[in-house]
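The values are calculated or read from the model by the stated rules, or taken from the named source; none is laboratory data. These numbers were taken from a predicted model, which means no experiment stands behind them. Don't worry about glycine lacking a Cβ; one is built from the backbone with ideal geometry, like all the others, and counts go over all protein chains shown. Areas reflect the complete protein model, heavy atoms only, side chains present, ligands, DNA and RNA absent. Shrake-Rupley method; radii C 1.70, N 1.55, O 1.52, S 1.80 Å.
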Amino acid sequence: MSLVWKLLRQHISVGQFVGFFFANLFGMFIVLLGYQFYRDVLPVFTSEDSFMKSDYIIFSKKIGIGNTISGRSHTFSEMEMDEFRKQDFVKNLGWFTRAEYAIDATMGVNGQSFIRTELFFESVPDHFVDVALKDWKYEAGSREVPVILPRTYINMYNFGFAQSHSLPKISDGLAGMIDFHIFIHGNGKRDEFKGNVIGFSNRLNTILVPQAFMDWSNRNYAAEESSNPSRLIVEVGNPADENIAKFVEKNGYEVEDDKLQAEKTTYFLKLVISLVMVIGLIISILSFYILMLSIYLLVQKNASKLENLLLIGYSPAKVAWPYQLLTIILNVLVLIIALIVLAVVRRYYMNIIETLFPQMADSNMLPAIAVGLLLFVIVTILNIVAIRRKVSNIWSSRS
C-alpha cells in the first residue's frame, strides 16, 4: 500500500484538487443553504394555518347595496360551481357547509369561562384539511367533536382575559387546555357536546368541524334542508396564475386577498429556492467531473507503474483504495465545512427573522444535515465506483 501512496504523491496536482474542493464546497453550500432557508422561512407564511395546505383559495360573492336591492343570491348555484370546475387553474373544488341549527357555547381554561356566546359551525370536505385522520374524525352519536377555532378567539384570551386573570397563555401546542362546551338546539332537540380543539386559524373566520359531524348534526337538528353554499374552497396548481384574478374580476367574486398574496409569495419562494438549488447541484456535478478528471489523469500518469503493482499481486481493490480514500477525505471536509459555514449564515438570517416574527416556532438544521449526508453518500459512491472501474480497465487492457 505504501508503494501506491508514493506513486500517488509523485504526480498529484494540488491545483486540480483545490479546484475540485472549492467548487464542490460552493455547490454543496448553495444546495444546503437553499433547502435550509426554505424550511426556515416557510413557517412565516404557513405556520398559523398549518392544518390547511397552502394552495387553497376561498371564494365568495361580493355583498353590496346593489346586490341587496336586486335580491341577487349570495350563494353559489350548481351551474356556477360547474363553471369553476372547468377552469384550468382549478385542481379540486369544495364548499363550506354551514350548520342549519342554533348553537350556544362556552369556552374556558382551568374552570374559568371567558366566552359565552352564540356560534355557527361550518365544514369543508376532509381532504381539504391537513390534519391526521385520527384527530379529524367523528362517529355519529359521539359527544366529542374535533374543532378548529379562529385565531382571534385565542388572541382575545391570551392578550385580554389571561393577563387580567393571571391564567396561562395558550399556544397551538396547548390547545387541549381549552374547555369548550357546545349546546345544540333545533328541530325540537337540545344536546350538549364537548369540543376538542386541535388548532387555530388566522385564515378562517369560522369554527370548523369535520364533514361527518356536520352531515349528521344537520340531519338531526336542522328543521329544513341545507341551502346552497356561500363560500367555495378551491385547490389551485399555481396561486400566482393570472387567470385566477381575471376569473374573479369577470364574475364579481371575492377572495381573501391578503392570503392570496401570501400564497403567491410562498409559490415564488419555492420557485426561487428550486432554481438556486438546481444551480448548486449543477456546480456540484461539475466539481464531480473535475475530481474524476483529476483522478483519471493521475491514474493515467501512473498507468505503467500501477500495472506492475497489479502484476506482482496487488488486487485492483487495493490499488484503487488510496485514490478512493483521497476522494472520501475531500468529500468529508467539504460536508463539514459547508455545514459550519451554513450554521454561521443561518444564525445571521435567523436573528433577523426571529426579530420580525417572534411567534415563529423554533427550527433546527437537521433537514440540511440530512440533505448534506445524502449528497455525500451519493457523490462518494459514484467516486468509488468510477475509480474502481478506471483501475480495472487498466488491468483488463493488459491481460
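Details
- Across Glu249, Glu192, the residue with the most accessible area heads the list, and the full order at a 1.4 Å probe is Glu249, Glu192.
- Take each peptide in 364-377, 18-31, count the other Cβ atoms within 10 Å of every residue, and average; sorted highest first, the result is 18-31, 364-377.
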